[in-house]
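J.: First the structure, which I've put down as structure tokens, then a few questions once you've had a look.
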Amino acid sequence: AETALAGLIDRLHRRGRVRVWSLVITLFGDAIVPRGGEAPLAGLQEVMARLGIEAGALRTAMSRLASDGWVVRERRGRNSFFSLDRHGQHAFDLATRRIYAAGAPDWDGSWTVAIAAPGSNGVHDEALKEHGFLKIADGVYLLPRTPGPDDGTTSGAPPLSDMLVIHGSSAEHPEMLRSLWPSDEIGEAYRELIAEYSALAGSLAASPLPAPVDAMAARTLLIHDWRRIVLRDPGLPMALLPKDWPGEEARTLVREVYRRLMEPSENWLDQAGLPPLVNAGSFLHRFGR
């Protein structure tokens, strides 16, 4: 496992300049928020150092996150503690259900088409994307279901009040949907993730559990790489995906690696002095386990 982790860390740095702030947000959202949301700087430094991040780069990232309204810093004596502020918490909350989903969404065959007024200039793009809509043309958005009041995010229903909305329950050629979003690009990303994490999965299945800090570093890297893909994936039902779609194979691999890393990484959080899990039931059912 240590050798496999070293390979993943090397790959992280070969990709170019590491976005340390993004790794920090992953660590907070995945591991620290479920335990109350606050972590000592020393703990953050230990995990980031295991990922090959220098202390100076981490301090720069934390200063940037603080100035951008993502984290809050509190000094107690000679120690510094950080927590996600409302902006950072909200951003990860929006992504949580998709990151830790048990599988592709169920589908009852219903569709929603939303059409914006001419000249809207894409003002709806990001908000509708958060709710699973695909942009298929300027001002035209498609969702393979009927949205409800709680459409899978903490921000409630999608902003459709000023749009023409059409609901239906059939489509002549649903396979054409595959040409309306970057399935090839995202599919290749899933395949790369499978190839890159297969060695770690195999070593975790055949070897003793890794050291706590190694497990926490590996878990952070796993979720960081997974969320970079899954949050670009519109999350279509299986019925609308190609037969050889690798997304669910990748999810199964991530679920298994995450399960094996859970115990030792949670031990590291205990050793770092973080409080117990706030909602253990919800946490333990991530990925539908």
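The values are calculated or read from the model by the stated rules, or taken from the named source; none is laboratory data. Fair warning: this is a prediction, and the values are worked out from it, not measured in the lab. In this analysis, Cβ positions are derived from the backbone assuming ideal geometry, glycine residues included, and neighbour counts consider all displayed protein chains. These area figures cover heavy atoms from the full protein model, side chains too; ligands, DNA and RNA do not enter into them. Shrake-Rupley method; radii C 1.70, N 1.55, O 1.52, S 1.80 Å.
J.: Tally time: how many residues in the range 210-244 are in contact with a Phe, Trp or Tyr (Cβ under 7 Å, 6 or more places away or on another chain) and either closer than 18 Å to residue 30 by Cβ or free of Cβ contacts under 8 Å to residues at least 40 places away in the same chain (or both)?
T.: Within the range 210-244, the first condition is being in contact with a Phe, Trp or Tyr (Cβ under 7 Å, 6 or more places away or on another chain), and the residues that meet it are 212-213, 215-216, 219, 222, 229, 234, 237, 239.
Adding the requirement that they be either closer than 18 Å to residue 30 by Cβ or free of Cβ contacts under 8 Å to residues at least 40 places away in the same chain (or both) leaves 212-213, 215-216, 219, 222, 229.
Matching residues across the range 210-244 total 7.
J.: Let me ask something else. Residues in the range 112-124: is at least one closer than 23 Å to residue 225 by Cα and either more than 20 Å from the chain's Cα centre (by Cα) or free of Cβ contacts under 8 Å to residues at least 40 places away in the same chain (or both)? Give the derivation first.
T.: So the first thing to find is which residues in the range 112-124 are closer than 23 Å to residue 225 by Cα, and the list is none.
No; the residues of the range 112-124 include none that is closer than 23 Å to residue 225 by Cα and either more than 20 Å from the chain's Cα centre (by Cα) or free of Cβ contacts under 8 Å to residues at least 40 places away in the same chain (or both).
J.: Of all the residues that make up the range 29-74, how many are at pLDDT below 90 and over 21 Å from the mean Cα position of the chain (by Cα)?
T.: The total comes to 0.
J.: Are there any pairs with C-beta distances below 9 angstrom linking a residue in the range 248-274 that is in contact (Cβ under 8 Å) with a residue 60 or more places away in the chain and closer than 17 Å to residue 227 by Cα to a residue that is of a type in the set (Asp, Glu) and surrounded by 16 or more Cβ atoms within 10 Å (Cβ to Cβ), with the two at least 6 apart or on different chains, and if so which?
T.: The qualifying pairs are 254/225.
J.: Follow-up question, since we're still on this one. Which members of the range 194-244 meet the condition of being closer than 21 Å to residue 95 by Cβ and in a loop (DSSP other than H, G, I, E, B)?
T.: The answer is 231, 232, 233, 234, 235, 236, 237, 241.
J.: Could you please let me know if residue 169 is in contact (Cβ under 8 Å) with a residue 40 or more places away in the chain and not aliphatic (A, V, I, L, M)?
T.: Considered against the rule, which asks whether it is in contact (Cβ under 8 Å) with a residue 40 or more places away in the chain and not aliphatic (A, V, I, L, M), residue 169 comes out as yes.
J.: Only one of 281, 235, 288, 273 is open to solvent by 20 Å² or more (accessible area, probe 1.4 Å), under 21 Å from residue 82 (Cβ atoms) and out of contact with any Ser or Thr (no Cβ under 9 Å at 6 or more places or on another chain). Can you tell me which?
T.: Answer to the selection: 273.
J.: Being open to solvent by 40 Å² or more (accessible area, probe 1.4 Å) and either free of Cβ contacts under 8 Å to residues at least 60 places away in the same chain or within 21 Å of residue 200 (Cα to Cα) (or both) narrows it down to one of 93, 10, so name that one. Show your work before the answer.
T.: Numbers: 93 fails: either free of Cβ contacts under 8 Å to residues at least 60 places away in the same chain or within 21 Å of residue 200 (Cα to Cα) (or both).
Of the residues listed, the single one that is open to solvent by 40 Å² or more (accessible area, probe 1.4 Å) and either free of Cβ contacts under 8 Å to residues at least 60 places away in the same chain or within 21 Å of residue 200 (Cα to Cα) (or both) is 10.
J.: Does residue 239 satisfy the condition of being small (Gly, Ala, Ser) and farther than 17 Å from residue 106 by Cα?
T.: Details: small (Gly, Ala, Ser): yes; farther than 17 Å from residue 106 by Cα: no.
When the stated conditions are applied, residue 239 does not pass them.
J.: Among (1) in contact (Cβ under 8 Å) with a residue 24 or more places away in the chain; (2) assigned to a strand (DSSP E or B), where does residue 73 come up short?
T.: The number of the failed condition is (1).
J.: Collect the residues in the range 210-232 that are surrounded by fewer than 22 Cβ atoms within 10 Å (Cβ to Cβ), farther than 18 Å from residue 192 by Cα and not small (Gly, Ala, Ser), keeping them in residue-number order.
T.: 212, 213, 214
J.: A further question follows. Being more than 23 Å from the chain's Cα centre (by Cα) and either surrounded by 15 or more Cβ atoms within 10 Å (Cβ to Cβ) or touching a residue at least 24 places away in the same chain (Cβ under 8 Å) (or both) is true for just one of 207, 179. Which residue is that? Step through it out loud before you land on a result.
T.: Working: 179 fails: either surrounded by 15 or more Cβ atoms within 10 Å (Cβ to Cβ) or touching a residue at least 24 places away in the same chain (Cβ under 8 Å) (or both).
Exactly one residue qualifies, and that residue is 207.
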